[in-house]
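Working notes, structure below.
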Amino acid sequence: MWDRIVIWSYAWLRDRVRLWQSLSVNLGRGAHNGCGKTHNSPQIARRCLRRHAEATTDPPEADQWIEENLVLTGDDARTLRWVDGFRELPPDAIRSISGKCRWRWYKAQRIIFSRGEPTNDVFFLVQGKVRITSYSAMGKEVSFRDLTVGQSFGDVAAIDGRSRSATAVAMSDTLLASISAQTYWEIMMNYPPVAAACLRRLANLVRALSDRVVEYSLLPVPTRIKLELLRLAQSRIDKTNGAKIDPAPTHAEIASRVATHREAVTRELRHLARNGIVVRQGRRLLIADVNALRSALGNLQEVSSP
């Protein structure tokens, strides 16, 4: 009975994730440059990433580096006990599954897999940071989400056996564990916490991508930028109703998330700064008044964080 419920749930969520990802890419692509097709070539993606890396000249903040690189050391590094769904398992089970994984370090800006690739391994993020994104034929980027330690990705292709629906890029030096689709299915059938974590992840993807399609279709660019800032601030709100985003994404990165161009983000941030809502401090972005940012959105229904 459990097997049938899991398989039906995966199929339903998988189809909706692929549908909304396709719509998000198409709508975002149109907002960027009106291009009518997506290029699956890793070479174009690498050229775009190289330009992005060359344009980012500021060194990373020390606190952020520590957060991403000092979490795991020594014997702790090659274990899945940090990953959602696995941390609930007995230690012996975690050691056994960890031993079945392939472990690999990826340098910052290294492509892990590209949209359209016929691979279906599942990846577990043990150290570092990964961005899930897509590129148009002109090299324009539509960014879906950033992943941190404890998260998984690549399971959509593992579930339906089709090609990759997006591109995954290491944003810092990153340690990943990976397993084949067949092994992943066996683990989910034998360990309900892992299956439940996968279902929650796919459900969150459906919600986030549904929100993004609505935003791209109905909302003007300034409103989309404010919504993205509110998402970034949500988990960082302090007692003074402010929020510190450190390090803040670049204007180009925000633009890729809301399907616009860097200049539009710069204009909107300047407008918010003049109104005292945001303050830029080097690599930090301070939201001085989160309630004022919400009020600037009017009566929009709050969009859930991806």
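The values are calculated or read from the model by the stated rules, or taken from the named source; none is laboratory data. Just so it is clear, the model here is predicted, and its values are computed rather than measured. In this analysis, Cβ positions are derived from the backbone assuming ideal geometry, glycine residues included, and neighbour counts consider all displayed protein chains.
Taking the listed residues Ile225, Ile237, the one that is touching a Ser or Thr at 6+ places or on another chain (Cβ under 8 Å) and either assigned by TED's automatic domain parsing to the domain that holds Leu80 or not hydroxyl-bearing (Ser, Thr, Tyr) (or both) is Ile225, with no other qualifying.
I'd like to know if the range 179-186 contains one or more residues that are of a type outside the set (A, V, I, L, M, F, W, C) and in contact with a Phe, Trp or Tyr (Cβ under 9 Å, 6 or more places away or on another chain). For the range 179-186, residues of a type outside the set (A, V, I, L, M, F, W, C) and in contact with a Phe, Trp or Tyr (Cβ under 9 Å, 6 or more places away or on another chain): absent. If only residues of the range 118-139 that are buried (at least 21 other Cβ atoms within 10 Å of the Cβ) and modelled with pLDDT under 90 are counted, the one that is nearest to the chain's Cα centre (by Cα) is Thr133. Contact annotation: residue pairs with Cβ atoms under 6 Å, 6 or more positions apart or on different chains, pairing a residue in the range 150-172 that is within 11 Å of Glu117 (Cα to Cα) with a partner that is of a type in the set (S, T, N, Q) and at pLDDT below 95, are Ala157/Asn120; Ser165/Gln21; Ala166/Ser134; Thr167/Ser114; Thr167/Thr133; Thr167/Ser134. Filtering the range 265-278 to residues that are outside any helix (DSSP H, G or I) and loosely packed, with under 15 Cβ neighbours inside 10 Å leaves Asn275, Gly276.
When you check Asn204 against the structure, is it free of Cβ contacts under 8 Å to residues at least 12 places away in the same chain and not acidic (Asp, Glu), yes or no? Criteria not met by Asn204.
The rows are residues; the columns are (1) in contact with a helix residue (DSSP H, G or I) (Cβ under 6 Å, 6 or more places away or on another chain); (2) surrounded by 13 or more Cβ atoms within 10 Å (Cβ to Cβ); (3) over 23 Å from Thr133 (Cβ atoms); (4) modelled with pLDDT under 90.
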position: Leu72; (1), (2), (3), (4): no, yes, yes, yes
position: Asp75; (1), (2), (3), (4): no, no, yes, yes
position: Trp82; (1), (2), (3), (4): no, yes, yes, yes
position: Glu88; (1), (2), (3), (4): yes, yes, yes, no
position: Ile94; (1), (2), (3), (4): no, yes, yes, no
position: Trp103; (1), (2), (3), (4): no, yes, yes, no
position: Gln109; (1), (2), (3), (4): yes, yes, no, no
position: Ile112; (1), (2), (3), (4): no, yes, no, no
position: Gly116; (1), (2), (3), (4): no, yes, no, no
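Residue-level check: of (1) aliphatic (A, V, I, L, M); (2) under 23 Å from Asn204 (Cβ atoms); (3) in contact with a strand residue (DSSP E or B) (Cβ under 9 Å, 6 or more places away or on another chain), Ile111 misses just (2). Taken over the range 154-181, residues that are aliphatic (A, V, I, L, M) and under 18 Å from Ser143 (Cα atoms) amount to 6. Among residues of the range 261-276 that are farther than 10 Å from Pro222 by Cα, none has a Cβ under 6 angstrom from a residue that is hydroxyl-bearing (Ser, Thr, Tyr) and not in a helix (DSSP H, G or I) at a sequence gap of 6+ or on a separate chain. The residue that is nearest to Val213 (Cα to Cα), among those in the range 249-264 that are among the β-branched types (Val, Ile, Thr) and in a helix (DSSP H, G or I), is Val258.
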